Amino acid sequence: MKKLTVLVICCLALFLTSCQFSETIYLNEDGSGKMAFSFDASELMQMTGDQFLEGDGEKDVDSTFTFKAVFDEKRDSISQLPKEEQAKLKALEPFSVHMVMSAKDKKLNFDMFSDFKSASELQDMFTALNTVSNLQGKDVGQANDQPNPFSSMIDGGNSELYYSFEKGVFKRTVKVLDKEIQKQIIDSLGQGAMMFANSKYKLNYHFPRKVKSVSNDKALFSADGKTVILEFGLMEYIADPEIMNLEIILED
């Protein structure tokens with residue numbers, strides 16, 4: 001199975017059943033770090049088993065690759081795309097993907113990750129996710145005909161997302177541009193909203209020092225005080241992305 005085919009299958013899982021999503025950040029003292037966006041769609045494998053991978057030639061996949069390597073293999077066909085589309089694909093090159101699909105173990109996991117030099121680069125992950133979801137839509141959107149639930153949470157949709165880390169203060173800020181449009185986005189999901197009813201969106205943020213305070217009263221802390229965890233239902237987050245805004249102040 002080719003890597004892009006596997007990626008499309010994983011993206012398709014987003015629109016077929018409830019998934020568990022997580023956003024993980026490891027932040028260094030200088031503002032650099034690592035970020036990963038993950039989803040676990042193992043519930044789909046529990047429901048369908050081999051049928052989900054039927055006809056794909058491989059029942060089990062455990063693959064790690066970079067977008068750059070994949071695009072290098074397809075440079076000739078990519079060069080025929082409009083310049084704007086080429087630029088969107090190039091923006092994916094810093095990111096790596098790890099995918100696991102196992103009919104035997106009933107697993108379907110996707111991780112997209114990258115290093116960053118500054119917290120302000122973190123939103124690039126979601127710009128890249130937007131590009132991936134658009135690619136998915138072109139390939140299999142006709143098959144599932146479900147709206148992209150992330151269009152309301154990432155740049156290019158009805159919200160703006162920012163991260164910053166300055167003088168020991170980390171901020172994750174989402175600003176909804178139009179509340180009425182946000183409501184329309186929820187309404188457009190239709191029956192898809194029921195599919196995501198049990199899905200969760202979880203933040204796992206790891207800091208180089210103990211946390212002094214967190215603005216969101218739903219946040220939990222690790223035993224060592226250096227990790228902040230925040231979780232909401234996915235539909236809650238789609239309806240109001242601002243509920244997961246955070247200001248985290250570290251100890252001196």
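The values are calculated or read from the model by the stated rules, or taken from the named source; none is laboratory data. All of these numbers come straight from a predicted model, not from anything done at the bench. Here Cβ is always computed from backbone atoms with ideal geometry, including for glycine, and neighbour counts include all displayed protein chains. We work out accessible area using only protein heavy atoms, side chains counted, and drop any ligands, DNA or RNA first. Shrake-Rupley method; radii C 1.70, N 1.55, O 1.52, S 1.80 Å.
Return the only residue of SER164, SER188, SER159 being farther than 20 Å from SER120 by Cα, at pLDDT 70 or above and of a type in the set (Gly, Ala, Ser).
None of the others qualify; the one that does is SER188.
Across the range 1-37, what is the number of residues that are part of a strand (DSSP E or B), modelled with pLDDT of 95 or more and either open to solvent by 60 Å² or more (accessible area, probe 1.4 Å) or β-branched (Val, Ile, Thr) (or both)?
Going through the range 1-37 one residue at a time, the tally reaches 4.
Does the range 156-193 hold any residues that are open to solvent by 30 Å² or more (accessible area, probe 1.4 Å), of a type in the set (Phe, Trp, Tyr) and either within 18 Å of the chain's Cα centre (by Cα) or farther than 17 Å from LEU246 by Cα (or both), and which are they?
The answer is TYR162, and nothing else.
Considering each residue of the range 67-92, count those that are open to solvent by less than 100 Å² (accessible area, probe 1.4 Å) and not in a helix (DSSP H, G or I), and give that number.
6
Given (1) of a type outside the set (Gly, Ala, Ser); (2) modelled with pLDDT under 75; (3) open to solvent by 10 Å² or more (accessible area, probe 1.4 Å), identify the lone condition not met by MET45.
Of (1) of a type outside the set (Gly, Ala, Ser); (2) modelled with pLDDT under 75; (3) open to solvent by 10 Å² or more (accessible area, probe 1.4 Å), only one is false for MET45: (3).
Identify all residues within the range 109-122 that are of a type outside the set (Lys, Arg) and open to solvent by 30 Å² or more (accessible area, probe 1.4 Å); write none if there are none.
Selection gives ASN109, ASP111, PHE113, ASP115, SER118, SER120, GLU121.
For the subset of the range 97-138 comprising residues that are more than 19 Å from LYS68 (Cα to Cα) and of a type in the set (Gly, Ala, Ser), which member is modelled with the lowest pLDDT?
Of everything passing the filter in the range 97-138, GLY137 is modelled with the lowest pLDDT.
Mind listing whichever residues of the range 165-210 are within 17 Å of LYS226 (Cβ to Cβ) and of a type in the set (Val, Ile, Thr)?
Result: VAL169, single match.
Could you pull out every one of the helices (runs of 4 or more DSSP H) wholly within the range 167-252 that has 1 or more residues that are farther than 18 Å from PHE37 by Cα and touching a Leu at 6+ places or on another chain (Cβ under 8 Å)? So that I can check it myself, show each step before the final result.
Details: elements: 179-189, 192-195, 234-239.
Correct list: 192-195.
Which of the residues spanning the range 194-238 are small (Gly, Ala, Ser), surrounded by fewer than 17 Cβ atoms within 10 Å (Cβ to Cβ) and free of Cβ contacts under 8 Å to residues at least 60 places away in the same chain?
SER213, SER215, SER222, ALA223, GLY225, GLY233
Which condition does VAL211 not pass, out of (1) touching a helix residue (DSSP H, G or I) at 6+ places or on another chain (Cβ under 9 Å); (2) under 30 Å from ASN28 (Cβ atoms), if it passes all the others?
(1)
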